[in-house]
1. To the nearest 0.05, how large is the calculated FRET efficiency for residue 55 and residue 183 if R₀ is 35 Å and r is the Cβ-Cβ distance?
2. Evaluate the Kirkwood expression for the hydrodynamic radius of the chain, namely the inverse of the mean inverse distance over all pairs of different C-alpha atoms, and round to one decimal in Å.
3. Points 7 angstrom from Cα along the Cβ direction at residue 30 and residue 67: gap in nanometres?
4. Simple spin-label model, 7 Å along Cα-to-Cβ: residue 80 to residue 105 in nm?
5. Between 0 and 90 degrees, rounded to the nearest ten: what's the tilt of helix 81-92 against the longest Cα principal axis of the chain?
6. Please give the length that would be gained between residue 93 and residue 148 if that part of the chain were fully extended, namely 0.36 nm times their separation in residues minus their C-alpha to C-alpha distance (nm, one decimal).
7. Once both axes come from the Cα atoms, what is the angle between helix 2-19 and the longest principal axis of the chain, in degrees from 0 to 90, rounded to 10?
8. Where Rh denotes the Kirkwood radius from the mean inverse Cα pair distance, what is Rg over Rh for region 43-108?
């Protein structure tokens, strides 16, 4: 009789764990194939050719702007580096520089966050091309109780916060929050 109760309790726990699973929405992976969009916390290197005084690194502030000499605040949030370079060229061409030639590249990406069953959860620097497995390694590896096949990632996609369960070989993006779950057995 005690074995039947134990088996029933185990099955109930398994079914409860399975019911919380939600398939990853298609937009969750589609964002991986889109060009990188700047946001608060990114640091960009702006090169204004033949203008050494304007070439520098600038951080995208919380409002989504970079503050450039001469032209002031320029919106960067949601733009690619190419779009930001074009916007800066247009601003500098308004009487400050004749035919400005500007290049923008990401100097430092926003961090990613990891929590759950890892050695040291927290905020870490993102490097292009990172996978979940790389992120877990940076955070001190799996704890002894960690589910090691898949994790939950929360990311912002088109202004919406989405959470999806992915394999540890999947890529991550800046500002992702990775949650390593505890395994059942």
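Every number here is computed from the coordinates shown, using simple stated rules; none is lab data. If you're wondering where the values come from, they're calculated on a predicted model, not measured in any experiment. When we count neighbours, we look across all protein chains shown, and the Cβ atoms used for this are built from the backbone with ideal geometry, even at glycine.
1. Taking R0 as 35 Å, the efficiency between residue 55 and residue 183 is 0.10.
2. This gives a value of 19.1 Å.
3. The answer from the label model is 3.8 nm.
4. Label at residue 80, label at residue 105, 1.7 nm between them.
5. With rounding to tens, the tilt is 30 degrees.
6. Residue separation times 0.36 nm, minus the Cα-Cα distance, leaves 14.4 nm.
7. Approximately 20 degrees, to the nearest 10.
8. For region 43-108, the value is 0.92.
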